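Reading through the structure tokens given below for one structure.
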Amino acid sequence: MSDAFTVLWTHDTCRALRKAGRVGERPPVAFSGVHSSLPAWSGARAGDEVYALHVNRCVVFVVSRMRVIDMERRDCCGTGPATWQDPAFPGHGDWSMLGADGCGAAAVHVDATPVRFDTPIPGDLLSTLAWRNRRGRTRSLKYVVDGRLERSISLQGFYRLTSESAAELAEVVGNA
């Protein structure tokens, strides 16, 4: 059975996506890392879904839904860097803003929906979304006030959704 996760894309990442003209395009890759500068996609496996989220003015948006294909370096990634100054993934330069230059970055090949910034998660759904850890404990979002997310700290990272919340987010994306 596949799992679903969320990952928060920062204002800098989303600004870079817009500036590079990537809105409406499907990212072929995202990046995982071993340092806090990038979320570690360590729990994800091939077939899992990852919802890239963005918070803007207390509204949470689904930017893209990505299905993990694999987490291995392929020919499409380009040759590995020979020096620290070389790009880590020259074959994915168009999508480097997703973390290619992060500390310990690793390519995660995905089949994704187009990048968009007009799919808000309804406020009443925000208060019911839940994530579960490996021990089966669940948690919900903190700082949801009147259907608005006042602080994004509880979204920062890479977290496994409960199956009910994954179905609800799939419906949001499907209706967009």
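Please work out how much length the chain gains when fully extended from Ala16 to Arg135, using 0.36 nm per residue of separation minus the C-alpha to C-alpha distance, in nm with one decimal.
Values: separation 119, 0.36 × 119 = 42.84 nm, distance 3.63 nm.
The Ala16-Arg135 span can extend by a further 39.2 nm.
When ligands, DNA and RNA are left out and all protein chains stay put, how many square angstrom of accessible area per residue does the stretch 78-149 have with a 1.4 Å probe?
Values: 4170 Å² over 72 residues.
Accessible area per residue, the stretch 78-149: 58 Å².
Would you please name the trypsin sites (Lys or Arg not before Pro) within the stretch 125-176 that are DSSP coil residues with at most 13 other C-beta atoms within 10 Å of their C-beta? Walk me through the intermediate numbers first.
Details: sites: Arg132, Arg134, Arg135, Arg137, Arg139, Lys142, Arg148, Arg151, Arg160; in loops: Arg134, Arg135, Arg137, Lys142, Arg151.
Answer by residue number: Arg134, Arg135, Arg137, Lys142.
Can you tell me the 0 to 90 degree angle between the C-alpha axis of helix 163-175 and the longest principal axis of the chain, rounded to 10?
Here the helix axis deviates by roughly 80 degrees.
Over the stretch 43-150, what is the relative contact order in percent, taking alpha-carbon pairs closer than 8 angstrom and at least six residues apart? Present the calculation step by step, with values, prior to reporting the outcome.
Details: 166 pairs, mean separation 29.1, N = 108.
Relative contact order for the stretch 43-150 comes out at 27 percent.
Go ahead and run the numbers for FRET between Cys76 and Val145, Cβ-Cβ distance against an R0 of 45 Å, rounding to 0.05. Walk me through the numbers on the way to the answer.
Working: r = 44 Å, r/R0 = 0.97.
FRET efficiency, Cys76 to Val145: 0.55.
Quick one: which residues, 5 or more positions from Tyr159 or on another chain, have an amide H under 5 Å from its amide H? H modelled 1.01 Å from N in the peptide plane, none for Pro or chain starts.
For Tyr159, whose amide H was placed from the backbone, the distant partners under 5 Å are Thr6.
If you keep only loop residues by DSSP, which GluC sites (Glu not before Pro) in the stretch 145-176 have at most 16 other Cβ atoms within 10 Å of their Cβ?
On the way: sites: Glu150, Glu164, Glu168, Glu171; in loops: Glu150.
When the GluC sites (Glu not before Pro) of the stretch 145-176 are filtered for loop state and at most 16 Cβ neighbours within 10 Å, Glu150 remain.
How high is the FRET efficiency between Ser2 and Asp94 when r is their beta carbon distance and R₀ equals 22 Å, given to the nearest 0.05?
Working: r = 27 Å, r/R0 = 1.24.
It comes out at approximately 0.20.
Roughly how many debye, to the nearest 20, is the charge dipole of the chain about its Cα centre, given +1 on each Lys and Arg Cβ, -1 on each Asp and Glu Cβ, and no other charges? If you can, show how the numbers build up before the last one.
Working: 21 positive and 19 negative charges, 92 e Å.
Value, rounded to 20: 440 debye.
Whole Å is fine, so just give me how far the alpha carbon centre of the stretch 128-162 lies from that of the stretch 37-80.
What the calculation gives is 18 Å, centre to centre.
Label-point separation (nm) for Glu25 and Ile69, each offset 7 Å from Cα along Cα-to-Cβ?
Taking the two extended label points, one gets 1.5 nm.
Mind checking the dipole of the stretch 82-143: about its Cα centre, +1 per Lys or Arg Cβ, -1 per Asp or Glu Cβ, Debye to the nearest 20?
On the way: 7 positive and 6 negative charges, 147 e Å.
Roughly 700 debye, rounded to the nearest 20.
Considering only Ala40, Ala107, Ala82, give the residue with the highest GNM mean-square fluctuation for the chain, with springs between Cα atoms whenever their separation is below 10 Å.
Per the Cα network of the chain with a 10 Å cutoff, Ala82 tops the list.
Suppose only helical runs count, i.e. DSSP H with n ≥ 4. What mean residue ellipticity at 222 nm does that imply for the chain under -39500 (n - 2.57) per run, divided by all residues and rounded to the nearest 500 deg cm²/dmol? Don't jump to the answer; show the numbers that get you there.
Details: 3 runs with 26 residues, N = 176.
Value at 222 nm, helices only, nearest 500: -4000 deg cm²/dmol.
I'd like the chymotrypsin sites (Phe, Trp or Tyr not before Pro) in the stretch 55-140 restricted to DSSP loop residues with at most 16 other Cβ atoms within 10 Å, sorted by number. Walk me through the numbers on the way to the answer.
Values: sites: Phe61, Trp84, Trp95, Phe117, Trp131; in loops: Trp84, Phe117.
Of the chymotrypsin sites (Phe, Trp or Tyr not before Pro), the ones in loops of the stretch 55-140 whose Cβ has at most 16 other Cβ atoms within 10 Å are Trp84, Phe117.
Could you order peptides 118-130, 48-60, 20-32 by the average number of other Cβ atoms within 10 Å of their residues, highest first?
Values: 118-130: 15.6, 48-60: 19.2, 20-32: 17.7.
Per-residue Cβ counts within 10 Å, averaged per peptide and sorted highest first, yield 48-60, 20-32, 118-130.
The values are calculated or read from the model by the stated rules, or taken from the named source; none is laboratory data. Predicted model, so just to flag it, every value in this text is computed and none were measured. No Cβ is skipped: glycine too gets one built from the backbone with ideal geometry, and neighbour counts run over all protein chains shown. Only protein heavy atoms, including side chains, enter the accessible area calculation; ligands, DNA and RNA are left aside. Shrake-Rupley method; radii C 1.70, N 1.55, O 1.52, S 1.80 Å.
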